[in-house]
1. Taking the range 7-22, which residues are loosely packed, with under 11 Cβ neighbours inside 10 Å and in a loop (DSSP other than H, G, I, E, B)?
2. Working only within the range 52-88, note down all residues that are touching a residue at least 60 places away in the same chain (Cβ under 8 Å) and under 19 Å from residue 38 (Cα atoms).
3. Conditions first: (1) exposed (fewer than 12 other Cβ atoms within 10 Å of the Cβ); (2) assigned to a helix (DSSP H, G or I); (3) touching a strand residue (DSSP E or B) at 6+ places or on another chain (Cβ under 8 Å). Residue 25 passes all but one, so which condition is the exception?
């Protein structure tokens with residue numbers, strides 16, 4: 001799974017990437033994260049989604065997060081649901 005450009009960022013999200021040995025790549029205005037999703041780590045996606053959602057529970061500096069964060073959260077949860085049904 002790839003998250004490209006406009007990916008919401010926070011310390012908690014970066015910590016999740018570090019815990020899962022995922023490299024954050026930044027190139028100019030583009031910010032990319034590639035996550036290998038397997039049946040073994042599928043249930044880690046809701047935790048990542050919740051860390052994204054937590055960004056807008058307090059003040060944040062990026063106005064676009066008002067729209068981007070809920071969409072990212074919903075997409076990750078939907079992706080988790082689809083793969084859960086397919087892989088189980």
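The numbers here are math on the coordinates, done by the rules we state, and not lab data. Quick caveat: nothing in here was measured; it's all calculated off a predicted structure. Note that each Cβ is placed from the backbone with ideal geometry, even for glycine, and that neighbours are counted across all protein chains shown.
1. Of everything in the range 7-22, just one residue is loosely packed, with under 11 Cβ neighbours inside 10 Å and in a loop (DSSP other than H, G, I, E, B), namely 21.
2. 79
3. (2)
Here is a yes/no grid of residues against (1) out of contact with any helix residue (DSSP H, G or I) (no Cβ under 6 Å at 6 or more places or on another chain); (2) not in a helix (DSSP H, G or I):
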position: 45; (1), (2): no, no
position: 48; (1), (2): no, no
position: 53; (1), (2): no, no
position: 61; (1), (2): yes, yes
position: 79; (1), (2): yes, no
position: 83; (1), (2): no, no
position: 86; (1), (2): yes, no
